[in-house]
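**Q** Here's a structure for you.
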Amino acid sequence: MRGRSNLVAFCLALLASLILAARPAAAQSILRDAETEELLKDLAAPLIEASELEPGNVELVLINDGSINAFVAGGQAIYVHTGLISAAETANEVQGVLAHELGHITAGHVVRFNERSKAANGISILSLLLGVGAALAGAGEGAMGIIAAGQQAAMGSFLSFNRDQEAATDLAGVRYLSGAGITGKGMIAFFERLRGNEIRAGYSQADEAAYSRTHPLTGDRIQVLRGLLDRDPAWDNPPDPELQQRFVRAKAKLFGYLAEPRRTLAAYPPTDTSVPARYARAYAYHKDARVELALAEADALLAAEPENPWFLELKGQVLLESGRPEEALAPLRRATDLTRAHPLIAGMLGHALIATEDKSHFAEAEQVLRASVQRDRYNPFAWYQLGVVYEARGDIPRARLASAEVQVMNRQYPQALANAQAAEAYLPYGSPDWIRAQDVALEARAELERARDRR
């Protein structure tokens, strides 16, 4: 009896773990950078047009994750890992990946993935229930056999489905590259790099290994894609040199921002006076609190391109984060003008205006911060700064609304609901802020109800 009860307990524990595994994983860290976001938009724009999706509906999100990956989730959002930017050598390679991910969107693979994973879980759970029944009946070995067969069937079904999706999406990516007149050489080069990484990591490239993978064998994918792409009229089209220049700069910038300063200085030594190297070193010095060296690199960049908004943003950021907000105002104002008040740069300018602690700057801070959140509501730091301005001038209802915006983005739903309701009670009836307070309250209440239903 003891052996049978242990087997039943094992089956039930495995069943519970599967149910828990079906829940969504915690969100990964999103990295916001105005320059990189604009680059990704411009890389994707012709591909989105070729896919016949609406450009304004496709969102590109940068994820702070070192793995070489990109994925689609939640409708029409493409998530690009920083590791993908680091691994790619050309902007054209990134376009090949984006073309592939757009194929997932147009085919509705996110919805079908969820349906198929539920079906696979259903096979697993059914096999577990049958196994529990067999265990209770005393057939211990039979119970384990049922469970193992069910798990294998579920996994095989799911992996086969996923491989078919990936193969179809590769072909869609080929169509979008061709339709946009973009060479597929970058797509081939990126897959060849992936294959090299797999070989170095010890992943088998044998045919029998395909059955245990979520994607087709990379060598097979290369062979199929090359057969299509090298016959395409766009194959010999030269990549856009401006996009490549922007890509190399953004890649160096991300490296300098994310890597340890010593690694950055080893990769981009002071003897290298190119723009990407100066860009990377500026962030390395800034992270290392070597403010004057960081400013010297920023000034050298601006000497070459005085009206480059990203270099102006860099100088403003270094000054602001080094405790010199008054000096940061001029470069950040100019960067804001040049980018037509890009939400992230306008938000930084608003922060600098407040950080001066000069109340005469607060009216301008409110103006730029409101412009920032109107164009990009998902910017908790800008909302926080706007709340500071409202509180300083005694506008408590709008300060509470700003707090509610931050809290709902941080999933602090009880606090968001309380602040949104308090703001609604005192804001002018029917005003845009009053309506927004209602929206935030409804969102927070709905999330709280969902949490209660899950319990």
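The values are calculated or read from the model by the stated rules, or taken from the named source; none is laboratory data. Values in this document were obtained by computation on a predicted structure and should not be read as measured data. Here Cβ is always computed from backbone atoms with ideal geometry, including for glycine, and neighbour counts include all displayed protein chains. Keep in mind that these areas ignore ligands, DNA and RNA; they rest on the heavy atoms of the full protein, side chains included. Shrake-Rupley method; radii C 1.70, N 1.55, O 1.52, S 1.80 Å.
**Q** In the stretch 405-455, how many residues are part of a helix (DSSP H, G or I) and closer than 18 Å to TYR378 by Cα?
**A** The qualifying residues number 24.
**Q** If you take the residues of the stretch 64-77 that are hydrophobic (A, V, I, L, M, F, W, C) and in contact with a Leu (Cβ under 7 Å, 6 or more places away or on another chain), which of them is surrounded by the fewest Cβ atoms within 10 Å (Cβ to Cβ)?
**A** The extreme case among them is ILE68.
**Q** On to the next question. Identify, please: which residue in the stretch 333-369 is of a type in the set (Ser, Thr, Tyr) and surrounded by fewer than 24 Cβ atoms within 10 Å (Cβ to Cβ) and is, among those, nearest to the chain's Cα centre (by Cα)?
**A** That would be THR339.
**Q** Right, something else. Name the residues in the stretch 225-273 that are closer than 29 Å to ILE30 by Cα and among the polar types (S, T, N, Q), would you?
**A** Hits for the stretch 225-273 are GLN244, GLN245, THR264.
**Q** Continuing with this model, one more query. Restricting the search to the stretch 370-398, which residues are free of Cβ contacts under 8 Å to residues at least 12 places away in the same chain and open to solvent by 60 Å² or more (accessible area, probe 1.4 Å)?
**A** Residues satisfying the conditions are GLN374, GLU391.
**Q** Also, quick follow-up: From the list PRO216, PRO233, exactly one residue is outside any helix (DSSP H, G or I) and at pLDDT 75 or above. Which is it?
**A** Sole residue among the options that is outside any helix (DSSP H, G or I) and at pLDDT 75 or above: PRO233.
**Q** Taking ALA425 as the residue in question, decide whether it is open to solvent by 70 Å² or more (accessible area, probe 1.4 Å), of a type in the set (Gly, Ala, Ser) and more than 25 Å from LEU344 (Cα to Cα).
**A** When the stated conditions are applied, ALA425 passes them.
**Q** Condition first: buried (at least 18 other Cβ atoms within 10 Å of the Cβ), modelled with pLDDT under 95 and assigned to a loop (DSSP other than H, G, I, E, B). Can you find one or more residues in the stretch 46-57 that meet it?
**A** Checked the stretch 46-57: no residue is buried (at least 18 other Cβ atoms within 10 Å of the Cβ), modelled with pLDDT under 95 and assigned to a loop (DSSP other than H, G, I, E, B).
**Q** Taking the stretch 399-421 on its own, how many of its residues are surrounded by fewer than 19 Cβ atoms within 10 Å (Cβ to Cβ) and either over 21 Å from GLU366 (Cα atoms) or of a type outside the set (A, V, I, L, M) (or both)?
**A** Adding up the residues that qualify gives 7.
**Q** If LEU254 satisfies every condition in (1) surrounded by 21 or more Cβ atoms within 10 Å (Cβ to Cβ); (2) not in a helix (DSSP H, G or I) but one, which is the exception?
**A** The failed condition is (2).
**Q** Would you be able to say whether some residue in the stretch 288-310 is surrounded by fewer than 15 Cβ atoms within 10 Å (Cβ to Cβ), of a type in the set (Asp, Glu) and either modelled with pLDDT under 95 or not in a helix (DSSP H, G or I) (or both)?
**A** Scanning the stretch 288-310, I find at least one residue that is surrounded by fewer than 15 Cβ atoms within 10 Å (Cβ to Cβ), of a type in the set (Asp, Glu) and either modelled with pLDDT under 95 or not in a helix (DSSP H, G or I) (or both), so the answer is yes.
**Q** Could you check how many residues of the stretch 67-89 are free of Cβ contacts under 8 Å to residues at least 40 places away in the same chain and assigned to a loop (DSSP other than H, G, I, E, B)?
**A** So the answer is 5.
**Q** Please pick out the residue among VAL72, VAL80, VAL94 that is farther than 19 Å from GLN244 by Cβ and β-branched (Val, Ile, Thr).
**A** Answer to the check: VAL72.
**Q** So GLY173 clears everything in (1) modelled with pLDDT under 70; (2) closer than 23 Å to ILE78 by Cβ; (3) small (Gly, Ala, Ser) except one condition, right? Which one?
**A** (1) is the only condition that GLY173 fails.
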